[in-house]
Amino acid sequence: MRATIKGKMAAVAALSAAVLVLSGCGGGSEAAGSGGSATSGEVNLIAYSGVWQDQYTAAVIEPFQAKYPDIKINYASKRSSAEMLSALQGQKNNPATDVAIMDNSVSTTGNKQGLFEKVDEESVPNLANVPEKFRDKEGYGPVAMLDAVGLVYDTATFPEAPDSWKVLWDPAYAGKINVNAPPSLLGLSLTAITSKMEGEDYTQGIDSAVTRLKEMAPGVQTFAPNPDEYQNVITGQTVLGLGQNARGQFYSDQSNKKMGVTFPKEGTVYQINTINLVKDAPHSEAAKTFVDYALSAEAQTAFAKALFYAPSVTNAELPADVKDRVVPTDGSLNIVPLDVEFLSSARDKWTDTWKRQIITN
């Protein structure tokens, strides 16, 4: 979850080009500036790139377009939620995006900055199947899917899954570890987890966590895994890393179990994605239709099967083999509570602390 924009003029030029591209590929029956209808036009979606985009397109977007053939989805991909937020901030006075799917710690910032609209059951009927715990208390975009941070590992090095985060400090694996530094949610999560391990309340301070993470740092091969944290382990570049359960499960299958993913005993944190309507979106009615479909049992079940994200709706029914691999949301997983309001305000400070005190090379 990153990226900065150099200069306002460059940002304006890039955004203008993006708008032209989106307008050129929109199709549908909407006239420019008309707002369109709920069943025709286009939806400009911003969401994750890579395997997430591939699987979401196959599981959700293509079936949606089959159901609503007069609505075209234009997908703008970003590697992180922070990149999405940066793009939306640049568009604030002239939105080119209709819907954003991003981590809730970042969408919370967007809510505070007035980037998103509130949603209700009248405009998004399937919101009725999202339980209160997965709804924003002020009515902004609800949870669309859930995952959790896990430890990814090389199964040849570890025939049995490591049971503790402390393995990241084990000198036997020095130089063979990748850790995604903040502003990535993975690095922020490790900060909160380490703080808990040190008996510290991260909302009050992270001095103990920082001291411990500084001890880990010399053994980390890279704080920016390339091409990503999963492939680094699969190819043998590293043997341990931070990852997310859903993608870890997917890549475990893709690599013939070369890589595994596990939840250590000290606990983990949820990675929660919300689906958000952009304020003053250019295609608001069609966008609401898409959000409603994304919260349907059909779409939620399909994406869980495709990429092992846990559904946020109560009426999705998963096959047993999929249910066993998505992150449980019934309280059975040891979860370190992540205060998204706090994290939204602390992200920049924690990122700076990592850069100055933990990542020393």
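Full-extension gain between Lys137 and Asp170, please, as 0.36 nm times their residue separation minus the C-alpha to C-alpha distance. Please list the in-between numbers first.
Working: separation 33, 0.36 × 33 = 11.88 nm, distance 4.18 nm.
Full extension from Lys137 to Asp170 adds 7.7 nm.
For Ala128 and Glu215, the FRET efficiency from 1/(1 + (r/R0)^6), where r spans their Cβ atoms and R0 equals 30 Å, is about 0.05. Residues whose amide H falls under 5 Å from that of Met145, counting only those 5 or more places apart or on a different chain, are Asn273, with hydrogens built in the peptide plane. In this label model, Ser255 and Ala156 are separated by 1.1 nm, measuring between points 7 Å along each Cα→Cβ vector. Taking θ as phi - 60° and the Karplus parameters 6.51, -1.76 and 1.60, the scalar couplings of segment 221-234 work out to 6, 8, 9, 9, x, 9, x, 6, 5, 7, 5, 4, 6, 4 Hz in sequence order, x denoting glycine and proline. The Cα center of segment 267-301 and the Cα center of segment 96-154 differ in position by 7 Å. Distances longer than 24 Å among the Cα atoms of segment 220-361: what percent of all pairs is that? So the portion of pairs separated by more than 24 Å is 49 percent. For the residue pair Gln113 and Glu62, what label-to-label distance in nm results when each label sits 7 Å from Cα along the Cα-to-beta-carbon direction? It is 3.4 nm.
Given the Cα-Cα distance of Asp339 and Asp70 and 0.36 nm per residue of separation, how much length would full extension add, in nm? Mind showing how you got there, number by number?
On the way: separation 269, 0.36 × 269 = 96.84 nm, distance 4.06 nm.
In short, 92.8 nm is gained.
Among the trypsin sites (Lys or Arg not before Pro) in segment 72-106, those located in a DSSP loop and surrounded by at most 15 other Cβ atoms within 10 Å of their own Cβ are Lys92. Using the 1.4 Å probe convention, the accessible area of the chain works out to 43 Å² per residue with neighbouring protein chains retained.
In units of the rule-of-thumb radius 2.2 N^0.38 Å, segment 115-249 shows an alpha carbon radius of gyration of 1.29. Summarise the long-distance tail of P(r) for the chain by giving the % of C-alpha pairs beyond 26 Å. Summing the P(r) of the chain above 26 Å gives 50 percent of all pairs.
The values are calculated or read from the model by the stated rules, or taken from the named source; none is laboratory data. The structure presented is a predicted model; accordingly, all values stated were derived computationally and were not measured. When we count neighbours, we look across all protein chains shown, and the Cβ atoms used for this are built from the backbone with ideal geometry, even at glycine. Each accessible area value is taken on the protein alone, full model and side chains, heavy atoms only, with ligands, DNA and RNA left out. Shrake-Rupley method; radii C 1.70, N 1.55, O 1.52, S 1.80 Å.
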